[in-house]
Amino acid sequence: MKTAAIIISIFLPGAGSLLMGKIVAGLIQLALAFTALLLNLTGIGILIGGPVGLIAWVWGLVTVARAEPKAPAGRAA
């Protein structure tokens, strides 16, 4: 499942974090990626959107790579 989360996170920052159970971090990463996309659609906004998108992407990958898989409900870890 961790491999799938890393692959998903490559294409959509935050989605892999959500898959690994990091809800708050995943939602923030998704919001940053969406904001960066909107800023990149404007001419001058790319100066801010580019770095914000890069930060969200790297943060998402690092979060997934360092995350421990959650134990299924009903099982002790």
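Cβ separations smaller than 7 Å between residues 6+ apart or across chains give the following pairs from segment 1-17 residues that are charged (D, E, K, R) to residues that are surrounded by fewer than 17 Cβ atoms within 10 Å (Cβ to Cβ): Lys2/Pro69.
Which residue, of Ala5, Ala56, is in contact with a Pro (Cβ under 6 Å, 6 or more places away or on another chain) and of a type outside the set (Phe, Trp, Tyr)? First the steps, then the outcome.
On the way: Ala5 fails: in contact with a Pro (Cβ under 6 Å, 6 or more places away or on another chain).
Just a single option satisfies the conditions, and that option is Ala56.
Conditions tested, residue by residue: (1) more than 14 Å from Ala5 (Cβ to Cβ); (2) assigned to a helix (DSSP H, G or I); (3) touching a residue at least 40 places away in the same chain (Cβ under 8 Å); (4) aromatic (Phe, Trp, Tyr).
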| residue | (1), (2), (3), (4) |
| --- | --- |
| Ile28 | yes, yes, no, no |
| Leu32 | yes, yes, no, no |
| Leu37 | yes, yes, no, no |
| Gly43 | yes, no, no, no |
| Ala56 | yes, yes, yes, no |
| Val62 | no, yes, no, no |
| Ala65 | no, yes, yes, no |
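Looking only at segment 1-36, residues that are closer than 14 Å to Glu68 by Cα and surrounded by fewer than 15 Cβ atoms within 10 Å (Cβ to Cβ) come to 6 in all.
Throughout, read-outs are computed from the coordinates displayed, never taken from laboratory work. In this text the structure is predicted, and so the values were computed from the model without any measurement. So basically every Cβ, Gly included, is an ideal-geometry build from the backbone, and we count neighbours across all protein chains shown.
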